[in-house]
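The values are calculated or read from the model by the stated rules, or taken from the named source; none is laboratory data. Here the structure is a predicted model, which means the values were calculated and not measured. Positions of Cβ are backbone-derived with ideal geometry, glycine not excepted, and every protein chain shown enters the neighbour counts.
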């Protein structure tokens, strides 16, 4: 790893610059929504020209905001950068929703320092919502702070599943699932929904590092238990290629909710 130490925290000027960059990308995505076609990547997943433009714009913008800090992104370089501080970007999480004209997707940007997220941004363009998390300082939605109390007061009984994790229902047909199921199609927001009280837990079967990077910090800052079911993203190595690396995970609002979902998560990763 590059031994040149980078500042752990972003300056206010840098935070403002990232927000301005996200404003630009979010506006373009709203303009493109419903007016753009998709095609297939080699792995069979969808991509649009808006994905490509958003990725290029964010990566170039971060290069100006934080010089010499590498960027790992879904549509660009997928290797862990050598710099001690680097960025993880999903320019458009929820491309299937976006391409199908379902107005629910996100822009996920997280800055890692020494292998863990230190600052995270999650923008939901269609809802005009932006989540900011800073390690050790808290989480905000559109500038308003989130707390454990606001989460607990929601009274939700919903559990988020991704399209691949829903197969656990077939593997345990005689067991009642511990929650009302929701499938929203956006991995980063599925996990974040736990932290903000929309759900009590989330089970993700195949999230990539760019899906979970920002949500990981949001969950951690709000004291939500996280159970990595296989690979642990805290063990990333410089130069590691993450194109095919999945990080199956359970996120929960409490240890009790995590315990309820754990048997289903363990069933999910059985070969």
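Which residue out of 245, 234, 251 is in a helix (DSSP H, G or I) and either under 29 Å from residue 130 (Cα atoms) or assigned by TED's automatic domain parsing to the domain that holds residue 79 (or both)? Every option except 234 fails the conditions. Out of the residues in region 256-271 that are touching a strand residue (DSSP E or B) at 6+ places or on another chain (Cβ under 9 Å) and more than 10 Å from residue 168 (Cα to Cα), which is surrounded by the most Cβ atoms within 10 Å (Cβ to Cβ)? Applying the filter and picking the extreme gives 261. Residues that are surrounded by fewer than 19 Cβ atoms within 10 Å (Cβ to Cβ) number at least 2 in the following helices (runs of 4 or more DSSP H) confined to region 140-216: 148-152, 168-171. When each of 22, 10 is tested for being modelled with pLDDT of 90 or more, in a helix (DSSP H, G or I) and in contact with a strand residue (DSSP E or B) (Cβ under 6 Å, 6 or more places away or on another chain), the lone residue that passes is 22. Residues satisfying the criterion are absent from region 95-112 (criterion: free of Cβ contacts under 8 Å to residues at least 40 places away in the same chain, outside the structural domain of residue 190 (by TED's automatic domain parsing), over 17 Å from the mean Cα position of the chain (by Cα) and outside any loop (DSSP other than H, G, I, E, B)). Scanning region 90-135 for residues that are in contact with a helix residue (DSSP H, G or I) (Cβ under 8 Å, 6 or more places away or on another chain) and on the phi > 0 side of the Ramachandran plot yields 94, 115. Among all residues of region 41-60, there is none that is crowded, with 18+ Cβ neighbours inside 10 Å and assigned to a loop (DSSP other than H, G, I, E, B). The number of residues in region 236-269 being more than 17 Å from the chain's Cα centre (by Cα) and without any contact (Cβ under 8 Å) to a residue 12 or more places away in the chain comes to 2.
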